[in-house]
Amino acid sequence: MTWQRSICTFTAAILLVLPGRLRAAPDASFLSGIEAYGQGDYAAAAQAFAESARKSPAAGTLENLGLAEWRLGRPGPAILAWEQSIWIDPFNEKVRTNLRYARKAAQVESPEMAWYEVVSTWLPADWWAWLAGVGLWSAVALTMLPGIFRWRRAGWQQAVAAFGIMIFLLSLPAHLGVFTRSRLGFFLEKETEVRLTPTRDGQVIARMSAGEPARWERTRGAYILVHTSRGSGWVEQNRLGTIFASSKKS
């Protein structure tokens, strides 16, 4: 297909990246994926990268998984992998560019996000917890320790304590955004059926394109209740991939 050849050309000059931005040694599955990708065996590469990501999720591994899936003409899994990569490393503009191009080529929309969800994308999801913890405990320490040890209170201590409280309070909306954004998912296959009831005999109320976003609300057996741009309905769990892998288990 033309759009597949176009994005392949676009990514041809992009080298496959190591997981975790070189912070961890690649495992055997990752190295197998690199070898298979170099040989043009994209199915084997996708399988190897997926296995490596299951063992140790890393932004680089997921980025490569997205490239392999796109080469196979599977926009749904490619978009999901790149979204998961951005979840871990939101600073990777190369992946954001791939996502924009993929969505334009596949004619699917980006997920709609509330303002606090947008804020939560500014930093890696786990950084917000560290930021809130540092801010809160810095404020507590600089407020209480001078009294406990009978230190003379200095102006800088009060200023730093106030700054710590401010950082803690400002991070709270981002925490909410991380939680709600973790419920985002993407349809993996084209013409995915969304049904009125969680059964195979349920009335089909919509057919979704691969890569279209949805928000999961709850699970029932092998089905997930999702909210999409066309309303709410039930979809089989294996037809939807969530941006945060453990979401569907909740």
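Could you tell me whether G231 is without any contact (Cβ under 8 Å) to a residue 24 or more places away in the chain and either outside the structural domain of W82 (by TED's automatic domain parsing) or in contact with a His (Cβ under 6 Å, 6 or more places away or on another chain) (or both)?
Values: without any contact (Cβ under 8 Å) to a residue 24 or more places away in the chain: no; either outside the structural domain of W82 (by TED's automatic domain parsing) or in contact with a His (Cβ under 6 Å, 6 or more places away or on another chain) (or both): yes.
For G231, the condition - without any contact (Cβ under 8 Å) to a residue 24 or more places away in the chain and either outside the structural domain of W82 (by TED's automatic domain parsing) or in contact with a His (Cβ under 6 Å, 6 or more places away or on another chain) (or both) - is not met.
Kindly indicate which of S120, S110 is surrounded by fewer than 17 Cβ atoms within 10 Å (Cβ to Cβ) and polar (S, T, N, Q). Lay out the reasoning, then the answer.
Values: S120 fails: surrounded by fewer than 17 Cβ atoms within 10 Å (Cβ to Cβ).
Exactly one of S120, S110 is surrounded by fewer than 17 Cβ atoms within 10 Å (Cβ to Cβ) and polar (S, T, N, Q), namely S110.
Matching residues to (1) at pLDDT 90 or above; (2) of a type in the set (D, E, K, R); (3) surrounded by fewer than 13 Cβ atoms within 10 Å (Cβ to Cβ):
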{"residue": "T143", "(1), (2), (3)": "no, no, no"}
{"residue": "G164", "(1), (2), (3)": "no, no, no"}
{"residue": "G185", "(1), (2), (3)": "yes, no, no"}
{"residue": "Q203", "(1), (2), (3)": "yes, no, yes"}
Checklist entry - Going through the range 183-242 one residue at a time, which ones are farther than 23 Å from A114 by Cα and among the basic types (K, R)? => result K190, R195, R200, R207, R220, R239
Checklist entry - Does any residue of the range 225-248 turn out to be of a type in the set (F, W, Y), under 17 Å from E189 (Cα atoms) and modelled with pLDDT under 95? => result no
Item to check | Residue identified as farther than 17 Å from E83 by Cβ and either touching a Leu at 6+ places or on another chain (Cβ under 8 Å) or in the same structural domain as I86 (by TED's automatic domain parsing) (or both) among A139, A174 | outcome: A174
Item to check | Counted residues, the range 30-57 - those being among the hydroxyl-bearing types (S, T, Y) and not in a helix (DSSP H, G or I) | outcome: 1
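The values are calculated or read from the model by the stated rules, or taken from the named source; none is laboratory data. Model, not experiment: these values are computed from the prediction. Cβ atoms come from the backbone with ideal geometry, glycine included; neighbour counts cover every protein chain shown.
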